[in-house]
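Asker: One structure coming up, written as structure tokens, with questions to follow.
The values are calculated or read from the model by the stated rules, or taken from the named source; none is laboratory data. On a predicted model such as this, the values are computed, not experimentally measured, just so you know. With ideal geometry, Cβ positions are generated from the backbone for all residues, glycine too; neighbour counts draw on all protein chains shown. Protein only, heavy atoms only, side chains kept; ligands, DNA and RNA dropped before computing areas. Shrake-Rupley method; radii C 1.70, N 1.55, O 1.52, S 1.80 Å.
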Amino acid sequence: MASSGRVVLFFELLACLLCPFELSQGKAKEPFTLKNLPPLQKASSYPVGCATTYDYIIVGGGTAGCPLAATLSLRYRVLLLERGGSPYGNRNVSYMENFHIGLMNMAPDSPSQVFISTDGVINARARVLGGGTCINAGFYSRASSSFIQEVGWDEDLVNKSFPWVEEKIVQWPKIAPWQAALRDGLLQAGVAPFNGYTYDHVSGTKVGGTIFDETGYRHTAADLLAAGDPDNLRVLLHASVHKIVFDSRQGRLKARAIGVQFTDENGRHHQAFLNSNKDSEIIVSAGAIGTPQLLLLSGIGPKNDLQNHNIPVVLHNKYVGKGMADNPMNSIFIPTRSPPRQSLIETVGITEEGVFIEASSGFGQSSESVHCHHGIMSAEIGQLSTIPPKQRTLEAAQKYAHNKLNLPKEVFHGGFILEKIDGPLSTGHLVLTDTDVRNNPAVTFNYFSHPQDLNRCVYGIKTIERILKTNRFSELSADGAGLSMERVLNMSVQANVNLIPKHTNDTESLEQFCKDTVITIWHYHGGCHVGKVVDQHYRVLGVSGLRVVDGSIFSRSPGTNPQATVMMMGRYMGVKILRERLGRAAGV
Ligand code: FAD
């Protein structure tokens, strides 16, 4: 047979093998429902010494892990292990009005686990099936095409994988007044043109998608599990994986990942193993904090650090936990005549300078609870927070109490315009503090250590100043005459709570303002970079049977906000792995 004939046959054969999951992308479909959601079982239901083995064990049922598990289950047996509980029936997860109450909940079973980077910025990581999509602000916006090219993804598959997510859980927002004001303010301030409602990353001003529907109900990555095959997909909740098990027998060229050890909700230990097929894999999708942490706990990382914690070294790799980055966010509080309706992010200004302008406003819960509880990382009041228990030094608590008394009452009447910088270029690292997987590792982001990041922050604040001066925003101020920048900077210094010491020139030097009021927009990433920890296909270098699929592989955050691209990546990698494996099985 001529070689071109063989190629045609190969693609026909592959298309046939891939039918069940490829066809779902093109034809007219029934509306997506949760009726095929697999049972969500507690980890304690997993029998000790269970003999069942799997083609794929996925650690972390988050933003990437859920679409990945669903896709792989269409052909193979998949075990998905998630340390958190179910998002269903949890009002703090399901309703936008509880966004900041959820972030404030510091109970050990809270879907949100607080951590404070060594920089002094209060942050949060997800601990729930659905991961970050269960605690985030819901804004949905795709990565730029330059990002897709930079990471080397197949554009055709990317363009099929985004809609696969969107048709299931993404909506257009019914734009809130504060978001409409930002849209108009951005355009009047020259962040143009208006690109309408679009998921695409295009310069100018746009309205993006959201995972909240018109009633404020949140749809999450956990819903995407219903697109899998429930007979092939076993989901365990409260399953904290603390170690990947390797076969390092002599004679093996590389240690091979063969299983995992995890603890259930009662603290009992379990193990789960892959079957003997050489293509079977453990895939870690535990997020940018959880994935490097688990690699380190399993013996992959800098030798000296591992030895300091008495962790047997499986593979020395000095890059695990390196290149951690968090896009700094700085926000300006703008008091208004009357309390604005609650809104999280719906509008974004995408500037050519690599600065993104977004906004949030108001509260959903009763005014009484606003005054009782300041959401620990509430975007609405710039993370005005109580100090988390472990950080309650006498001095810190006193300082917080004092600051709280001095808070202007208006901080509860108004909204924020925030700026986030693309990238960022400043990076840090993650190291273990102990060997308990439930505890946070120590993370350092080194915000603004790169001068370009600081310059872009200043540009962002100046852009917000231009927006403030527009008619649209003057009309919103208490006397209708507008607000001076000095006044809003002053209020913002007080409203933005981090553990960074403030300076007297915070409102005179925008550089100082940026450094002292930096908070997070929770877009941290990195720790397992391509070429350093994983290869182009996200297989962990130096071992076999182990892959990483989540935000830890990124060296910059995708798009204005990452969740769209992270969910898409879960689907994309699932299809890619299936294609490759089915192609190998067919001997082509
Ligand atoms: P995650 O979604 O965090 O998934 C990791 C999962 O692994 C978690 O469920 C975790 O519990 C589990 N896990 C970790 N360790 C283990 C272990 N050892 N064993 C078992 N399971 C484990 N992005 C946007 O695009 N728009 C927004 O509006 C937005 N707002 C945000 C607001 C907040 C408060 C937060 C926290 C994030 C926000 N983001 C937003 C960012 C976005 O949600 C995250 O970047 C994204 O969800 C990260 O996905 P991931 O798959 O890498 O990790």
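Asker: Karplus couplings for the stretch 546-560 from phi (6.51 cos²θ - 1.76 cosθ + 1.60, θ = phi - 60°), rounded to Hz, Gly and Pro as x?
Answerer: The phi angles translate into 9, 9, 10, 9, 5, x, 6, 7, 6, 9, 8, 6, x, x, 6 Hz.
Asker: Starting from 0.36 nm per residue, how many nanometres of slack lie between residue 33 and residue 487 once their C-alpha separation is accounted for?
Answerer: Once the chain is fully extended between residue 33 and residue 487, it gains 158.5 nm.
Asker: Sticking with this structure for a sec: Restricting to Cα atoms and excluding each atom paired with itself, what does the Kirkwood estimate give for the stretch 113-230 in Å?
Answerer: 16.6 Å
Asker: Can you tell me what the convex hull of the Cα atoms of the chain projects to on average, as an area in nm²?
Answerer: Hull-based average projected area comes out at 27.5 nm².
Asker: Order of 238-250, 69-81 by packing, highest average Cβ count within 10 Å first?
Answerer: 69-81, 238-250
Asker: Moving on to the next point. For residue 435 paired with residue 188, estimate the spin-label separation in nm (one decimal), with each label point 7 Å from Cα along the Cα-to-Cβ line.
Answerer: 6.2 nm
Asker: Considering the alpha-carbon set of the stretch 546-588 alone, what are its Rg and its Dmax in angstrom?
Answerer: 13.2, 42
Asker: Let me ask something additional. Can you show me the helix-derived [θ] at 222 nm for the chain, built from DSSP H runs with n ≥ 4 at -39,500 (n - 2.57) apiece and divided by the number of residues, rounded to the nearest 500.
Answerer: One gets -8500 deg cm²/dmol as the mean residue ellipticity at 222 nm.
Asker: Here is a further query. Hey, rough spin-label estimate for residue 505 and residue 214, points 7 angstrom out along Cα→Cβ, what's it come to in nanometres?
Answerer: The modelled label-to-label distance comes out at 5.3 nm.
Asker: Moving on to the next point. Can you tell me how the stretch 158-206 classifies by the Cα gyration tensor, rounded, prolate or oblate, using a/c under 1.5 as the rounded cut?
Answerer: Numbers: a/c = 4.96, a/b = 1.75, b/c = 2.83.
It is oblate, given that a/c is not under 1.5 and a/b is not larger than b/c.
Asker: Give me the percent of the accessible area of the chain that comes from carbon and sulfur atoms, probe 1.4 Å, all protein chains in place. Don't skip to the end; give the middle numbers.
Answerer: Working: 11880 of 22930 Å².
The C+S portion of the solvent-accessible surface of the chain is 52 percent.
Asker: Residue by residue through the stretch 460-477, which ³J(HN,Hα) values in whole Hz follow from phi under the Karplus form 6.51 cos²θ - 1.76 cosθ + 1.60 (θ = phi - 60°), with glycine and proline marked x?
Answerer: Karplus values, whole Hz, x for Gly and Pro: x, 5, 5, 5, 4, 4, 4, 5, 4, 7, 6, 4, 4, 8, 4, 4, 7, 6.
Asker: Same structure again: Remind me, what semi-axes does the stretch 43-143 give for its equivalent ellipsoid, largest first in whole Å, using sqrt of 5 times each Cα gyration tensor eigenvalue?
Answerer: Square roots of five times the eigenvalues give 28, 17, 14 Å.
Asker: Measure out, as a whole number of angstrom, how far apart the alpha-carbon centroids of the stretch 180-219 and the stretch 224-253 sit.
Answerer: So the two Cα centres are separated by 39 Å.
Asker: If you line up the Cα atoms of the stretch 171-246 on their principal axes, what length do they span on each, largest first, in Å?
Answerer: Largest first, the stretch 171-246 extends 57, 33, 21 Å along its Cα principal axes.
Asker: Hey, quick one: spin label on residue 303, modelled 7 Å out along Cα-Cβ, who in the stretch 511-552 has an amide N within reach, i.e. under 17 Å?
Answerer: Label zone hits: 542-543.
Asker: Between the helical axis of 563-585 and the dominant principal axis of the chain, each derived from Cα atoms, what acute angle in degrees is found, rounded to the nearest 10?
Answerer: Computed tilt is about 10 degrees.
Asker: Tell me, what does the Kirkwood hydrodynamic radius of the stretch 462-588 come to in angstroms if you use every pair of distinct C-alpha atoms?
Answerer: Result for the stretch 462-588, one decimal place: 19.0 Å.
Asker: Something else now. In whole Å, how far is the Cα centre of the stretch 58-110 from that of the stretch 142-157?
Answerer: Value for the Cα centre distance between the two parts: 26 Å.
Asker: How far is helix 287-297 tilted, in degrees, relative to the longest principal axis of the Cα atoms in the chain, given as a value from 0 to 90 rounded to the nearest 10?
Answerer: The answer is roughly 50 degrees.
Asker: Separate question: Which angle from 0 to 90°, rounded to the nearest 10, does the C-alpha axis of helix 3-22 make with the longest principal axis of the chain?
Answerer: Approximately 60 degrees, to the nearest 10.
Asker: Cα-Cα over 21 Å: which of 160/322; 420/576; 254/532; 469/502?
Answerer: 160/322; 420/576; 469/502
Asker: Also, quick follow-up: What do you get for Rg/Rh over the stretch 409-538 if you use C-alpha atoms and the Kirkwood form of Rh?
Answerer: 1.07
Asker: List the relative contact order of the stretch 430-510 as a percent without decimals, with contacts defined as Cα pairs under 8 Å and 6+ residues apart.
Answerer: With pairs under 8 Å counted, the relative contact order is 16 percent.
Asker: Let me ask you something else. Once the Cβ-Cβ distance between residue 41 and residue 277 is put in as r, and R0 is 25 Å, what FRET efficiency do you end up with, to the nearest 0.05?
Answerer: With R0 = 25 Å, the Cβ-Cβ based efficiency is 0.55.
Asker: With an 8 Å cut-off on Cα pairs and a minimum separation of 6 or more residues, tell me the relative contact order of the chain in percent.
Answerer: Over the chain, the number comes to 22 percent.
Asker: What is the gain in length, in nm to one decimal, between residue 249 and residue 462 on full extension, counting 0.36 nm per residue of separation less the C-alpha to C-alpha distance?
Answerer: 70.7 nm is the gain from fully extending residue 249 to residue 462.
Asker: I'd like the accessible area for residue 213, computed on protein heavy atoms only with a 1.4 Å probe and all protein chains in place. Round to 10 Å², please.
Answerer: Approximately 30 Å² for this residue.
Asker: Spin-label point model (7 Å from Cα, Cβ direction): what's the residue 109 to residue 266 distance in nm?
Answerer: 1.4 nm
Asker: Moving on. Under 1.5 on a/c is rounded, so check that first for the stretch 156-300, then, if it is not, pick prolate when a/b is larger than b/c and oblate when it is not; a ≥ b ≥ c are the square roots of the alpha carbon gyration tensor eigenvalues.
Answerer: Because a/c hits 1.5 or more and a/b exceeds b/c, the stretch 156-300 counts as prolate.
Asker: Label 7 Å along Cα→Cβ of residue 198; the stretch 332-360 residues with amide nitrogen under 12 Å?
Answerer: 350
Asker: Can you give me the relative contact order of the stretch 78-216 as a percent, contacts being Cα pairs under 8 Å and 6 or more apart?
Answerer: Numbers: 178 pairs, mean separation 29.9, N = 139.
RCO, the stretch 78-216: 22 percent.
Asker: Per 10 Å bin, what is the whole-percent P(r) computed from every C-alpha pair distance within the stretch 238-375?
Answerer: Here the calculated profile for the stretch 238-375 is 9, 24, 21, 16, 20, 7, 1, 0.
Asker: Under 18 Å from the Cα of residue 515, which aspartates and glutamates turn up, not counting those fewer than eight places away in the same chain?
Answerer: Within the straight-line cut-off, residue 515 pairs with 119, 326, 419, 422, 453, 465, 486, 506.
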